[in-house]
Every structure is written in C-alpha cells, then in structure tokens.
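*Asks:* Quick one: this structure, given as structure tokens, is what I'll be asking you about.
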Amino acid sequence: MPGAIAGAWCLVGAWCEEAMAFRRDLLDRLSQPMTPSALARELGLKRRDIEDDIRHVVRSALAAGYRVEIEPARCKNCGFTFSEEKLSKPGKCPECRGSRLFEPVIRIDRSTS
C-alpha cells in the first residue's frame with residue numbers, strides 16, 4: 001500500500017516517488033467531500049498517519065489555485081465551530097469541554113478559484 005511509506009525520505013534526501021504518488025491519490029480522492037477518518041479508513045490507514053499528508057495536499061492545492069472547501073470541525077453539544085486550519089479531529093470543545101465532535105470535511109475542486 002502506498003500509504004505505508006507516505007512521508008518517508010529516500011536515502012538521497014529527496015521525496016520518494018511513492019510518497020508523491022500517495023499525495024496525488026489523496027488529491028484525487030478529496031474531489032469528493034471526506035473527513036480525515038473516512039479517507040484514512042478508505043486507504044486502510046490510521047487517521048493520524050495521514051494528517052500531515054492532508055495538510056500538505058491542502059497547501060499544495062491552494063498554491064496551485066484550486067478551490068479548497070473546508071467545513072470546519074464543530075461540537076455536537078454546543079455548536080462551537082473550530083478554525084478551518086484545524087484539519088485534524090479536535091480532542092475536546094474549548095467552550096463546553098465536550099468530546100462529541102464532528103470532524104472537518106474537506107473537498108478540493110481542481111477547477112481554479
């Protein structure tokens with residue numbers, strides 16, 4: 001599975017081709033709205049294993065001029081909405097300290113914004 005080496009460095013210090021292909025695959029999969037957990041589950045990985053790759057793909061997509069839509073994480077109890085920069089699932093709500101949270105939903109449209 002390409003995800004197993006995502007973020008790995010080659011001996012010469014350059015990104016491995018497999019890691020770059022993995023991130024291209026993430027970009028393709030994010031053409032549909034997905035949470036980080038759903039994406040990780042689809043790839044057979046753990047959420048924390050792909051969070052850095054998702055952040056990188058979002059930054060790269062913005063730099064390429066793609067439209068990035070992020071529905072921020074929010075609390076199921078009080079409705080507190082987290083920042084769009086918070087792409088990983090928060091542990092607790094800072095307002096009510098509840099742990100029942102909706103994950104952020106990410107979608108990348110390859111048409112330029």
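The values are calculated or read from the model by the stated rules, or taken from the named source; none is laboratory data. All values reported here derive from a predicted model rather than from experimental measurement. No Cβ is skipped: glycine too gets one built from the backbone with ideal geometry, and neighbour counts run over all protein chains shown. When the accessible area is computed, the model is the full protein with side chains, heavy atoms only, and any ligands, DNA or RNA have been set aside. Shrake-Rupley method; radii C 1.70, N 1.55, O 1.52, S 1.80 Å.
*Asks:* Would you check which residues across segment 48-84 are part of a strand (DSSP E or B) and aliphatic (A, V, I, L, M) and list them?
*Replies:* V68, I70, listed by residue number.
*Asks:* So, in segment 17-43, how many residues would count as being over 18 Å from Y66 (Cα atoms), of a type outside the set (A, V, I, L, M, F, W, C) and out of contact with any Ser or Thr (no Cβ under 7 Å at 6 or more places or on another chain)?
*Replies:* So the count comes out to 6.
*Asks:* Moving to a separate point now. Being open to solvent by 80 Å² or more (accessible area, probe 1.4 Å) and modelled with pLDDT under 90 is the requirement here; does R48 meet it?
*Replies:* When the stated conditions are applied, R48 passes them.
*Asks:* Return the only residue of L45, L87 being part of a loop (DSSP other than H, G, I, E, B) and under 18 Å from A21 (Cβ atoms).
*Replies:* Just one listed residue meets the conditions, L45.
*Asks:* Now a separate question. Do you know which residues across segment 48-63 are free of Cβ contacts under 8 Å to residues at least 24 places away in the same chain and hydrophobic (A, V, I, L, M, F, W, C)?
*Replies:* Correct list: L62, A63.
*Asks:* If you take the residues of segment 20-37 that are touching a residue at least 24 places away in the same chain (Cβ under 8 Å) and among the aliphatic types (A, V, I, L, M), which of them is surrounded by the fewest Cβ atoms within 10 Å (Cβ to Cβ)?
*Replies:* Once the filter is applied, the top-ranked residue is L27.
*Asks:* Can you tell me which residue within segment 64-89, out of those that are of a type in the set (G, A, S) and within 19 Å of D52 (Cβ to Cβ), is surrounded by the most Cβ atoms within 10 Å (Cβ to Cβ)?
*Replies:* Per the stated criteria, the residue is A73.
*Asks:* Residues in segment 69-89 that are in contact (Cβ under 8 Å) with a residue 40 or more places away in the chain and polar (S, T, N, Q): how many?
*Replies:* Residues that pass the stated criteria total 1.
*Asks:* So in segment 90-113, with the set limited to residues that are touching a residue at least 40 places away in the same chain (Cβ under 8 Å) and not in a strand (DSSP E or B), which one is surrounded by the most Cβ atoms within 10 Å (Cβ to Cβ)?
*Replies:* Within segment 90-113, the match that is surrounded by the most Cβ atoms within 10 Å (Cβ to Cβ) is P104.
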